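What follows is a short report on a single structure.
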Amino acid sequence: MKKLFSILVAMTALVFSLQAQPPGGGGGDPEAMKARMKERIKPMLVQQAGVSDAEADKILDINFDFQMKSRPIRMDQALSEDDKKKKMKEAEDARDASMKAIPLTEEKMVKVKAFYEEMRKRQQEGRGGQGGGQGRGGNQQ
């Protein structure tokens, strides 16, 4: 009976872990994740924010790096909320400085931030308005 119960628990855990994987093969290789992100987002970014292909590549690289740095901060249970806010502010400031170094005009910066804000809103709506996280598009301010 114990064996059967253990097998049932293991199978249930396996099913839930497989369902938790994002489409396209799961987390895995960051470079593959970045490539998928560029493939999906770049055309919309170019069209809606009016940036060039080269600028879009740089923007996407910067935001991907920001996501990779900010996720561990948000997930760190050992940090207080104040510490998380401080570290996130530092990461956001570094991201914004990198964006300005592309260089982007102020008008393009505003459009890029609006693009990511709209993406974040759509993602939250897709989750039923839950989550409150920053989504895949980053948290532009």
Note on Lys38: of the conditions (1) of a type outside the set (A, V, I, L, M, F, W, C); (2) assigned to a helix (DSSP H, G or I); (3) at pLDDT below 85, unmet is (3)
Among the residues of segment 87-105, count how many are of a type outside the set (D, E, K, R) and part of a helix (DSSP H, G or I). 6
Check Ile59 against each of (1) at pLDDT 90 or above; (2) among the aliphatic types (A, V, I, L, M); (3) crowded, with 18+ Cβ neighbours inside 10 Å; (4) outside any helix (DSSP H, G or I) and name the one condition it does not meet. (4)
So, in segment 114-125, how many residues would count as being within 15 Å of the chain's Cα centre (by Cα) and either at pLDDT below 90 or crowded, with 17+ Cβ neighbours inside 10 Å (or both)? 7
Would you mind telling me which numbered condition in (1) surrounded by 12 or more Cβ atoms within 10 Å (Cβ to Cβ); (2) modelled with pLDDT under 90 Ser6 fails? (1)
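The values are calculated or read from the model by the stated rules, or taken from the named source; none is laboratory data. Predicted, not measured: the structure shown is a model, and the values here were computed from it. So basically every Cβ, Gly included, is an ideal-geometry build from the backbone, and we count neighbours across all protein chains shown.
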